[in-house]
Each structure stands twice: as C-alpha cells, then as structure tokens.
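Just so it is clear, none of the values below were taken in a lab; they were calculated from the coordinates. Quantities reported herein were computed from a predicted structural model and do not represent experimental measurements. All Cβ positions, even for glycine, are placed from backbone atoms using ideal geometry, and neighbour counts span all protein chains on display.
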C-alpha cells in the first residue's frame, strides 16, 4: 500500500536544522534541570505522582513499539503509522512530564536512600549491595541512549512523513531497538527506584 507524503521533501534543510536544534536543546535542558540547585527549584510544586505517570507512559510506549513492529511485518502501513505516531506522542508527553518533575524539589530521590534524607550513606549502600551497580548501569545506558534516540526518532519520522521510505527503513534499523531499549529500561529504572519514593 503506497502512502502519500504528509510533509514535503523540498524543505529538507529546514527540517534537518530543526531536528538538530531540538536534539541538542533537549539533553542540555534536561542536564541543567538535573543539576539545578534545590534553592532554584519552584517550591510548592507537587510532582510526586509524575514518576508513576512516566512509568505508565513508558510502558504504553514499549507496547506500542512492539505493535508497530508487528503491524509493519504484516505490511499494515496504516496501523503501523497510527501506532508509531501514538508512541511518538506518548514519548513527547513523557519528555514534558520528565522535565517538569526534574524542575521540582521532589526529583532528588536516590536509589538506596531508605531513610529519605537525600543521601545514600555507607550503611544504605551495603544494604542494597550489588543491585546498586546493576541499577546504575541500567540508568546510565538508559540516559545515554535516551539522548542518542531523540534525533534518530525525529529523522525516522521525518523520512516517513516525507515518504522517503528507503531512508526511513535504514534509519529505523538503529532507531527502533534503541527506542525500545530506552522505553523498557525507563520502566525498569522506575521499578527499581520506586521503593525509595516518599
């Protein structure tokens, strides 16, 4: 089934610039928010439910990515497009929610911080043992690949929407497994750190 282009290939340079700028700005903004001193964060902003909401978004995105793969293998382009667009929208909502959460004072939860004093002392490190290293490995790979996947997803969508299907297929060979890994590890990170939320 042939699909028509939703956006024109004529303005490719403009789209490449937009994708580049967005791909650079997102990790910078997230990094700034992660290291923003608590005194500069807005007080009274209740974001305690956002990690749970974010986990739901990541779970749904993971499932949609699997369905998207299933539909394209069945050559159902219409359903593939709908499912992948929904996954993109949910990932975008996740990103906004993630940024809001990390702009709040609630975001200073640490893995292993049993007494919720925002410090993981030696006794707490001993209590969680080697699981802490597993958590940190998953978290680190999740963060690094989350930064990498942004331009990949944007280019994959650009190529699909401009009906450059050969380029889209090449792009998604890398994009799909990374996006799925990021979505799934987002849920795993949440499940591992959730006992330490207040």
Which of the three applies to segment 27-122, rounded, prolate or oblate, going by the alpha-carbon gyration tensor with a ≥ b ≥ c and a/c under 1.5 meaning rounded? prolate
If I model a spin label as a point 7 Å beyond the Cα along the Cα-Cβ vector, how far apart are those points for residue 141 and residue 121 in nm? 3.3 nm
Normalised radius of gyration for the chain, please: alpha carbon Rg relative to 2.2 N^0.38 Å, two decimal places. 1.16
Rounded to the nearest 500, what is the chain's calculated 222 nm mean residue ellipticity when only DSSP H runs of at least 4 contribute -39500 (n - 2.57) each, over all residues? -25000 deg cm²/dmol
Most mobile listed residue (158, 15, 176) in the chain, GNM with C-alpha springs under 10 Å: 15
What length, rounded to one decimal in nm, is gained on full extension from residue 34 through to residue 110, with 0.36 nm per residue of separation minus their alpha-carbon distance? 26.1 nm
In degrees between 0 and 90, to the nearest 10, how far off the longest principal axis of the chain does helix 165-193 point, with axes built from Cα atoms? 20 degrees
By how many degrees, 0 to 90 and rounded to 10, does the Cα axis of helix 12-34 deviate from the longest principal axis of the chain? 10 degrees
Taking the chain as the reference, fit the longest principal axis to its C-alpha atoms, fit the long axis of helix 50-73 to the helix C-alpha atoms, and give the angle between the two in degrees, 0 to 90, nearest 10. 30 degrees
